[in-house]
Amino acid sequence: MLAAPLSMTVELPDSTVEPTSNSELATSYRVGGGGGRYYHTLGLGDCGTSVPVKQDFVDVGGEIDRQFNGGKHLGVRAGYIHDTTDTLSDISAFETSIGSNVDRTRDVYYGSLYGAREWKHFGLGMGVLMTSKPLSIDNPQDPTDDDFHIYPTAHLRFGDLSRLYVSGHLFEGVPIYSGGGLFYAGLGVRPVRVLELYAGYCASGPYYDEGWLGRVNVDLNRRWTLGTAVRFPSDSQEYDVKEYGVSASLTYRAFRTGSE
């Protein structure tokens, strides 16, 4: 598992691959896909009925990030999540309480707009995430809630992306579930120019419990980066089963001359 994980770069393209001149700017295009498993509880607050479920998922996502002068970035992310539910206990009583069969599959589409400012030793970004249905970040989750939802996105970085840094990220994974979930934070290092290693803490959501995230990114050249990431398997504290997530991504950069 340590050798397999490589995905989800959250760092910005001019920081991982240096431009050929100070006035050169980059636009990056990234696509990724992955899958995994998490556990949560379906429940209705007004009747007190709940049931634990196992959720297998696959997700895909993409990102376009455009760099401007002064370390400014504007970008968009979008993706799709497909969940398949397998109950861990008898669900018939729960289905009776809501008056219908529980849907065993669930599709969520999402899009995100963000802006960021990146300096050599500090970076900050904020945005908004819009989803066709609520994400699995609450316990218990109401299976009858199919409304449009809005969430914040953000990141904060201290240190040099080309050497050593610490960072935290909220809803910035590409894809969003297998690329990190609700929140992750950790330490990144570049032991050599073409290789980035990242290890950190991964919060619950969609996963029932906290876990650990590992990532490796390899610059094939200054335009292409290949990566994978893994949310390492862990035993749920409430259920005797493992939660995990794995993803892979590919990034392409187009360079242009910036205005003085």
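The values are calculated or read from the model by the stated rules, or taken from the named source; none is laboratory data. Computed from a prediction, not measured in an experiment: that's the story for all the values here. Please note: Cβ atoms are built from the backbone with ideal geometry, for glycine as well, and neighbour counts cover all protein chains shown.
Give me the pairs: first residue in region 23-41 and within 13 Å of Tyr177 (Cβ to Cβ), second residue part of a strand (DSSP E or B) and among the small types (Gly, Ala, Ser), beta-carbon distance under 6 Å, and six or more apart or on different chains, which are they?
Close Cβ pairs satisfying both conditions: Gly32/Gly61; Gly32/Ser247; Gly32/Ser249; Gly34/Ser247; Gly36/Gly245.
Got at least one residue in region 32-39 being modelled with pLDDT under 95 and aromatic (Phe, Trp, Tyr)?
Let us first name the residues in region 32-39 that are modelled with pLDDT under 95, namely 37-39.
Restricting the remaining residues to those that are aromatic (Phe, Trp, Tyr) gives 38-39.
For region 32-39, residues modelled with pLDDT under 95 and aromatic (Phe, Trp, Tyr): present.
Tell me whether region 149-161 contains one or more residues that are surrounded by 20 or more Cβ atoms within 10 Å (Cβ to Cβ), in contact (Cβ under 8 Å) with a residue 12 or more places away in the chain, farther than 26 Å from Val76 by Cβ and out of contact with any helix residue (DSSP H, G or I) (no Cβ under 7 Å at 6 or more places or on another chain).
Our first condition is that a residue be surrounded by 20 or more Cβ atoms within 10 Å (Cβ to Cβ); within region 149-161, this holds for 155, 157, 161.
Subsequent filtering for residues that are in contact (Cβ under 8 Å) with a residue 12 or more places away in the chain retains 155, 157, 161.
Narrowing further to those that are farther than 26 Å from Val76 by Cβ: none.
No: zero hits.
Looking at Ala229, is it modelled with pLDDT of 95 or more, buried (at least 22 other Cβ atoms within 10 Å of the Cβ) and over 17 Å from Asp65 (Cβ atoms)?
Details: modelled with pLDDT of 95 or more: yes; buried (at least 22 other Cβ atoms within 10 Å of the Cβ): yes; over 17 Å from Asp65 (Cβ atoms): yes.
Yes.
Inspect region 86-98 for any residue being among the charged types (D, E, K, R), exposed (fewer than 15 other Cβ atoms within 10 Å of the Cβ) and modelled with pLDDT of 95 or more and give the result as yes or no. Give the derivation first.
Of the residues in region 86-98, the ones among the charged types (D, E, K, R) are 86, 90, 95.
Okay, now just the ones that are also exposed (fewer than 15 other Cβ atoms within 10 Å of the Cβ), so 86, 90.
In the following step, the residues that additionally are modelled with pLDDT of 95 or more were identified as none.
No: zero hits.
Residue-by-condition table, conditions (1) more than 16 Å from the chain's Cα centre (by Cα); (2) of a type outside the set (D, E, K, R); (3) over 26 Å from Tyr151 (Cβ atoms):
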position	(1), (2), (3)
Tyr184	no, yes, no
Arg193	yes, no, yes
Tyr201	no, yes, no
Trp212	no, yes, no
Thr225	yes, yes, yes
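I'd like to check something: does region 136-155 contain any residue that is at pLDDT 95 or above and either among the small types (Gly, Ala, Ser) or part of a loop (DSSP other than H, G, I, E, B) (or both)?
Yes: one or more hits.
Is it true that some residue in region 247-260 is touching a residue at least 40 places away in the same chain (Cβ under 8 Å), surrounded by 15 or more Cβ atoms within 10 Å (Cβ to Cβ), touching a Phe, Trp or Tyr at 6+ places or on another chain (Cβ under 6 Å) and of a type outside the set (Gly, Ala, Ser)? Break it down into steps so the answer makes sense when it comes.
Let us first name the residues in region 247-260 that are touching a residue at least 40 places away in the same chain (Cβ under 8 Å), namely 247-260.
Applying the additional criterion that residues be surrounded by 15 or more Cβ atoms within 10 Å (Cβ to Cβ) yields 247-251, 253, 255, 258.
Imposing the further condition that a residue be touching a Phe, Trp or Tyr at 6+ places or on another chain (Cβ under 6 Å) reduces the set to none.
The answer is no, given that none of the residues of region 247-260 is touching a residue at least 40 places away in the same chain (Cβ under 8 Å), surrounded by 15 or more Cβ atoms within 10 Å (Cβ to Cβ), touching a Phe, Trp or Tyr at 6+ places or on another chain (Cβ under 6 Å) and of a type outside the set (Gly, Ala, Ser).
Could you pull out the residue among Glu243, Glu210, Glu238 that is within 14 Å of Gly181 (Cα to Cα), surrounded by fewer than 18 Cβ atoms within 10 Å (Cβ to Cβ), modelled with pLDDT under 95 and touching a Phe, Trp or Tyr at 6+ places or on another chain (Cβ under 8 Å)?
It is Glu210.
If the requirement is being without any contact (Cβ under 8 Å) to a residue 24 or more places away in the chain, within 14 Å of the chain's Cα centre (by Cα) and at negative phi, which of these qualifies: Leu170, Leu197?
Numbers: Leu197 fails: within 14 Å of the chain's Cα centre (by Cα).
Sole residue among the options that is without any contact (Cβ under 8 Å) to a residue 24 or more places away in the chain, within 14 Å of the chain's Cα centre (by Cα) and at negative phi: Leu170.
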